Amino acid sequence: MSERLKIRGTQDELDQLAITVNGLLDRLAAYLKQKHDFLANAAHELRTPLSAIRSSVEVALSGNRTVDEYNELLAEVIDECASLETLVNQLLLLAETDAERPTVLDGDVRLDSLVTRTVEMFQGVADFNGVRLRVEPLPVIFVTGNRNYLRQVLSNLIDNAIKFTASHYQQPSVAAGVNGQAERGEIVISMQKDPERPMVTLTIEDNGPGIGEVDLPHIFDRFYRVDRSRMRGTPTGGTGLGLSICQSIIQTHHGTITVESTIDRGTKFIISLPLASKLAEVIAAS
Ligand code: ADP
């Protein structure tokens, strides 16, 4: 993909055409590289649990073992199969949302109800992990889209917020708090209509470990995970696909997702989505 049309410098129509074609060639090359990197990463991520399964099975087959040892090896195989399943499901979801099928946006979704239900779903996990999960009063909001995909976005973001915030506060140095005053993990979810445009802004903010400046521009990249050592003890056992799935789904809904974060202060994800037509609100109110 290194060939380029020659620009003659005559600034006529042929030169303009050559510039346009070269621009398209550059974009095609970038796209192909992205596809290549994605495939290489996917293959690499699939190989890790597969190798672990193979090695457990080889150990099991290599000689007489006690029942406990066989059980342990089988439990390892089941764990790795679960990782494989998560990864394959996420890859399928990405392929689906990337294709931007028109069926994706199949109706009006009441976003405030969806937020409330999703938070209810995570309340038990948050309580169990000692993290407070709080929703500020939500206005009635309709967006045009796909309920399951939007639920997936909310689930990914809340799940990450709980996971990373909980383990941040489980570290002894953080748990002790400032001046011996113990602090607690907290996640706040809020939603506002934009006063100037027909858009809604949904924010999910935590007071967890935060993300460093070096990592922040990359966290929506496929397979990107923050280095374990820099997360100082927080779990990074995920696939690194969750946020790219969120981004793909939000873009399919003609919205944007951005992030603001400060190390040791916390992370805030900001989603902006176009509102559904007024009709949805009228129907809901009647
Ligand atoms: P993963 O499956 O690893 O969670 P994601 O794409 O969901 O993948 O997230 C990418 C990385 O972004 C995570 O590995 C983590 O390092 C960082 N991250 C995401 N959400 C948060 C958060 N709320 N607080 C701190 N770090 C986060």
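In the stretch 2-18 there is no residue matching the filter, namely being modelled with pLDDT of 90 or more and loosely packed, with under 10 Cβ neighbours inside 10 Å.
Scanning the stretch 86-102 for any residue that is on the phi > 0 side of the Ramachandran plot and under 31 Å from the mean Cα position of the chain (by Cα) turns up at least one such residue.
Residues satisfying the criterion are absent from the stretch 11-31 (criterion: touching a residue at least 24 places away in the same chain (Cβ under 8 Å) and closer than 20 Å to residue 244 by Cβ).
Listed here are the residues, each with its yes/no results for (1) part of a helix (DSSP H, G or I); (2) exposed (fewer than 14 other Cβ atoms within 10 Å of the Cβ); (3) of a type outside the set (Phe, Trp, Tyr).
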{"position": "65", "(1), (2), (3)": "no, no, yes"}
{"position": "77", "(1), (2), (3)": "yes, no, yes"}
{"position": "127", "(1), (2), (3)": "yes, yes, yes"}
{"position": "133", "(1), (2), (3)": "no, no, yes"}
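Checked across the stretch 228-239, the condition of being under 26 Å from residue 169 (Cα atoms) and modelled with pLDDT of 90 or more holds for no residue.
Looking across the stretch 139-152 at every residue that is among the polar types (S, T, N, Q) and either part of a helix (DSSP H, G or I) or closer than 18 Å to residue 126 by Cβ (or both), the one that is most open to solvent (accessible area, probe 1.4 Å) is identified as 148. Show the residue pairs meeting these rules: Cβ distance below 9 Å; 6+ apart or different chains; first residue within the stretch 159-172 and under 15 Å from residue 186 (Cβ atoms); second residue modelled with pLDDT under 90 and in a helix (DSSP H, G or I). Listed by first residue and then by second, the contacts come to 168/174; 169/175. Quick check on this structure: which one of 196, 213, 205, 186 is open to solvent by 70 Å² or more (accessible area, probe 1.4 Å), touching a Ser or Thr at 6+ places or on another chain (Cβ under 8 Å), outside any helix (DSSP H, G or I) and at pLDDT 90 or above? The match here is 205.
Restricting 113, 155 to residues that are of a type in the set (Gly, Ala, Ser), part of a helix (DSSP H, G or I), open to solvent by 10 Å² or more (accessible area, probe 1.4 Å) and within 16 Å of the ligand (Cβ to nearest atom) narrows the list to 155. Listed by first and then second residue, the pairs linking a residue in the stretch 118-141 that is farther than 20 Å from residue 168 by Cβ to a residue that is aliphatic (A, V, I, L, M) and open to solvent by 70 Å² or more (accessible area, probe 1.4 Å), with Cβ atoms under 9 Å apart and 6 or more places separating them unless they lie on different chains, are 140/285.
The values are calculated or read from the model by the stated rules, or taken from the named source; none is laboratory data. On a predicted model such as this, the values are computed, not experimentally measured, just so you know. Please note: Cβ atoms are built from the backbone with ideal geometry, for glycine as well, and neighbour counts cover all protein chains shown. Heads up: the accessible areas ignore ligands, DNA and RNA and are worked out on the full protein's heavy atoms, side chains in. Shrake-Rupley method; radii C 1.70, N 1.55, O 1.52, S 1.80 Å.
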